[in-house]
Every structure is written in C-alpha cells, then in structure tokens.
Amino acid sequence: MSPRAAWRLERLGFTEVYDYAAGKVDWMAAGLPTEGNGTHPPRVLEAMDADPPTCDPTERVADVVALVRDAGWTTCLVVNPDRIVLGRVRLDRVDVGSLASVEDVMEPGPATVRAHEDLSEVSARMQRRSVDTLIVSTPEGQLLGMLRLDRTPPA
C-alpha cells in the first residue's frame with residue numbers, strides 16, 4: 001500500500017497499518033491470503049499438500065524411509081529449523097537401508113514454484129517434463145507444501 005493510503009487509514013483510526021514494500025505479487029507468492037471481487041484461475045496454493053514429509057539433514061536415510069513410505073510419499077524434503085528447503089531425498093534414488101545422513105544423499109537446491117502460480121499452467125508444465133511433484137516455497141525458500149500431479153485437475 002502506498003504511504004498516502006497508509007496515512008489515510010491511520011487518520012481513520014486504524015492502529016496497525018503497514019507498508020508492504022515488496023508488493024502484491026510477493027505477498028501472493030508467499031501463500032498469504034488475498035481478497036477481492038474478481039475471480040482468478042485456480043492457483044497452486046489451492047491444490048498443494050501443505051504437509052509433505054520433511055526431514056533434518058542430520059537424520060539417517062534408513063530412519064526417514066519408513067516414515068515417508070508410511071505417509072504415502074516417495075520423497076522427503078530436507079529443511080532446516082526455519083523450514084527453508086535445502087534439498088530433497090527421492091526414495092527410488094537411495095539405498096533405503098543406508099545409515100548415511102540425509103545430507104549426504106540429498107539432491108541440493110531442488111526447483112520450486114510459487115503459491116500464486118496458475119495451477120493449470122504448472123500442471124501442464126509438469127506433464128510436459130514428466131515431473132510428478134513440485135515443491136512450493138516462498139520467494140525466500142521457506143516450504144509451503146508440495147504439489148502432486150496425481151492430485152491436480154487435468155490441464
């Protein structure tokens with residue numbers, strides 16, 4: 001919001017008024033709520049699973065595998081205590097009985113998408129590239145969820 005609009009709200013009696021300098025798109029990319037009368041096409045945020053399996057880089061692969069499988073997933077997202085995405089472990093690409101740390105076998109810096117992106121466009125891109133999951137994060141890299149192609153509407 002502009003400083004002028006913020007000043008006007010303060011004059012009307014609002015006490016918690018902030019100038020979000022990063023802008024509306026950054027706000028939506030972070031998965032934060034929006035309001036308005038207009039309609040928009042379905043967004044990634046509306047179809048993502050907000051609770052995919054996560055693990056700490058220091059955990060052992062063998063310990064993580066059972067938890068991930070029991071949850072019905074094939075991937076574990078490696079995050080730090082602030083939920084910043086560090087990497088991913090795909091169960092089909094590791095020795096599932098390994099005593100190695102997750103950090104030793106993870107794929108660092110996986111691709112991510114933003115919550116506000118058009119769901120049909122992202123789904124079509126996933127199909128073209130034969131990708132079955134995509135990580136959804138904020139612009140700062142904080143995990144919001146995971147989009148699974150098998151749970152998105154056809155493009």
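Read the figures in this text as sums done on the coordinates, not as results from a lab. Computed from a prediction, not measured in an experiment: that's the story for all the values here. No Cβ is skipped: glycine too gets one built from the backbone with ideal geometry, and neighbour counts run over all protein chains shown.
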Original post:
Residue-wise, which Karplus ³J(HN,Hα) couplings in Hz belong to the stretch 109-115, taking 6.51 cos²θ - 1.76 cosθ + 1.60, θ = phi - 60°, and x for glycine or proline?
Top reply: x, x, 5, 9, 10, 9, 4
Original post:
Which far-off residues, 5 or more places away or on another chain, put their amide H under 5 Å from the one on residue 78, with H placed in the peptide plane?
Top reply: 55, 86, 87, 88, 89
Subject >> DSSP bridge orientation in the stretch 44-151 - percent antiparallel, rounded to nearest 5 >> reply: 80 percent
**OP:** Return the FRET efficiency for the residue pair residue 98, residue 142: r is the Cβ-Cβ distance, R0 is 30 Å, and the value is rounded to the nearest 0.05.
**Re:** 0.60
Original post:
How about the stretch 89-155: which GluC sites (Glu not before Pro) there are in a DSSP loop, with at most 14 other Cβ atoms within 10 Å of their Cβ?
Top reply: 140
